[in-house]
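**Student:** Would you mind keeping the following structure in view while I ask a few things?
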Amino acid sequence: MNDLITPKIARVIDYETTGTQDDENAEVIEFGRIDVDLDTLDIRNPWTSLAKPSHPIPPVTMAVHHITDDDVRDAPARGDLWAPFFDGCGQEDILAAHNAKFEQHFHHGNGRQWICTYKSALVVWPDAPSHGNQALRYWLDVDRAHQDFDKERADPPHRALPDAYVTAHILVELLKVKTASELVEISKYPALLNTLRFGKHRGMKYADAPADYLQWIRDKSDMDEDTKFSAKYWLKQRVSA
């Protein structure tokens, strides 16, 4: 963190889009954001808007968030929404998202620091049955644990503001265990996985997997960066133990 300017809020954001970061010409078609006060952990200041894309929404994407071409026909242009989306979020403040790599693909945040609640949850709660947004919601029981939790604001899933709202409550739980600075630091690295999700050792903890198998993942495989990073991390833990 900047030693001179302390962040006041973490702005939790979520986008619904016409595709993934791997899809050509994917665009944001819905913005959602809500703030977590880093001093009080209050959740406030929700804002959302649809945005008009330049191309039709693919049916496979509509099936996820159920936003149709008719819904966005008269929506503002995406370029007109960035200013209100970031309004009230200072340069020193933090952006947060669940699997923030996705949101970062569509907007880098103008140099702000990021918290990825997915990466953070993997470190803070390695034994959670799943680290998806909705799974953590119910595993942490935030619906009942947070007196201010409003189920109507959390529905439907796969819409920008409801997903941001749920992520904000997960972030509050993370901030009870780690400081914002620590969560930012965790979020700078690839995701630290705990369980192998593929191959003959599928379901086995990285900590228990054969060393030569982890070495192969680290040195010779074409696995994604999270998998290779995790293999390297857990091998290093054995050396330092």
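The values are calculated or read from the model by the stated rules, or taken from the named source; none is laboratory data. Predicted, not measured: the structure shown is a model, and the values here were computed from it. Cβ: placed from backbone, ideal geometry, glycine included. Neighbour counts: every protein chain shown. Side chains are part of the model used for accessible areas, which takes the heavy atoms of the whole protein and leaves out ligands, DNA and RNA. Shrake-Rupley method; radii C 1.70, N 1.55, O 1.52, S 1.80 Å.
**Student:** Taking only region 81-104 into account, find how many residues are outside any strand (DSSP E or B), under 15 Å from the mean Cα position of the chain (by Cα) and touching a residue at least 40 places away in the same chain (Cβ under 8 Å).
**Tutor:** 5
**Student:** Of (1) surrounded by 13 or more Cβ atoms within 10 Å (Cβ to Cβ); (2) out of contact with any helix residue (DSSP H, G or I) (no Cβ under 8 Å at 6 or more places or on another chain); (3) among the basic types (K, R), R44 satisfies all except one. Which?
**Tutor:** (1)
**Student:** Surrounded by 13 or more Cβ atoms within 10 Å (Cβ to Cβ), more than 21 Å from Q113 (Cβ to Cβ), modelled with pLDDT of 95 or more and touching a strand residue (DSSP E or B) at 6+ places or on another chain (Cβ under 7 Å), is that true of I57?
**Tutor:** It is true that I57 is surrounded by 13 or more Cβ atoms within 10 Å (Cβ to Cβ), more than 21 Å from Q113 (Cβ to Cβ), modelled with pLDDT of 95 or more and touching a strand residue (DSSP E or B) at 6+ places or on another chain (Cβ under 7 Å).
**Student:** Next question. Every residue in region 105-159 that is charged (D, E, K, R), within 23 Å of I67 (Cβ to Cβ) and part of a loop (DSSP other than H, G, I, E, B), please.
**Tutor:** Matches in region 105-159: D150, K151, E152, R153, D155, R159.
**Student:** Name the pairs whose Cβ atoms lie under 6 Å apart, with the first residue in region 134-146 and closer than 11 Å to L171 by Cα, the second open to solvent by less than 40 Å² (accessible area, probe 1.4 Å) and among the β-branched types (V, I, T), and 6 or more positions between them or separate chains?
**Tutor:** Cβ pairs passing all conditions: L136/I170; R137/V166.
**Student:** Would you call D155 free of Cβ contacts under 8 Å to residues at least 60 places away in the same chain and either more than 26 Å from E27 (Cβ to Cβ) or in contact with a Leu (Cβ under 9 Å, 6 or more places away or on another chain) (or both)?
**Tutor:** Answer is no for this residue.
**Student:** So which residues in region 60-78 are open to solvent by 60 Å² or more (accessible area, probe 1.4 Å) and either charged (D, E, K, R) or closer than 11 Å to T18 by Cβ (or both), if there are any at all?
**Tutor:** Scanning region 60-78 gives V60, V64, D70, D71, R73, D74, R78.
**Student:** Take the residues in region 139-162 that are of a type in the set (K, R) and more than 23 Å from L81 (Cβ to Cβ); name whichever of them is least open to solvent (accessible area, probe 1.4 Å).
**Tutor:** Residue satisfying both the conditions and the ranking: K151.
**Student:** Where residues in region 1-19 are assigned to a loop (DSSP other than H, G, I, E, B) and open to solvent by less than 60 Å² (accessible area, probe 1.4 Å), which of them is farthest from R78 (Cα to Cα)?
**Tutor:** Ranking the qualifying residues of region 1-19, first place goes to P7.
**Student:** Which ones in region 1-56 are among the charged types (D, E, K, R) and either farther than 20 Å from K101 by Cα or touching an Asp or Glu at 6+ places or on another chain (Cβ under 6 Å) (or both)?
**Tutor:** Those that are among the charged types (D, E, K, R) and either farther than 20 Å from K101 by Cα or touching an Asp or Glu at 6+ places or on another chain (Cβ under 6 Å) (or both): D3, K8, R11, D14, E16, E30, D37, D39, D42, R44, K52.
**Student:** A follow-up question, please. Restricting to region 105-126, count the residues that are open to solvent by 50 Å² or more (accessible area, probe 1.4 Å) and without any contact (Cβ under 8 Å) to a residue 40 or more places away in the chain.
**Tutor:** 3
**Student:** Taking the criterion of being open to solvent by 20 Å² or more (accessible area, probe 1.4 Å), under 26 Å from K188 (Cα atoms) and not in a strand (DSSP E or B), would at least one residue in region 28-38 satisfy it?
**Tutor:** Scanning region 28-38 turns up at least one residue that is open to solvent by 20 Å² or more (accessible area, probe 1.4 Å), under 26 Å from K188 (Cα atoms) and not in a strand (DSSP E or B).
**Student:** To continue, here is another question. With (1) under 27 Å from I29 (Cβ atoms); (2) in a helix (DSSP H, G or I); (3) open to solvent by 30 Å² or more (accessible area, probe 1.4 Å); (4) not hydrophobic (A, V, I, L, M, F, W, C) as the list, and Y165 as the residue in question, which single condition is left unmet?
**Tutor:** (3) is the only condition that Y165 fails.
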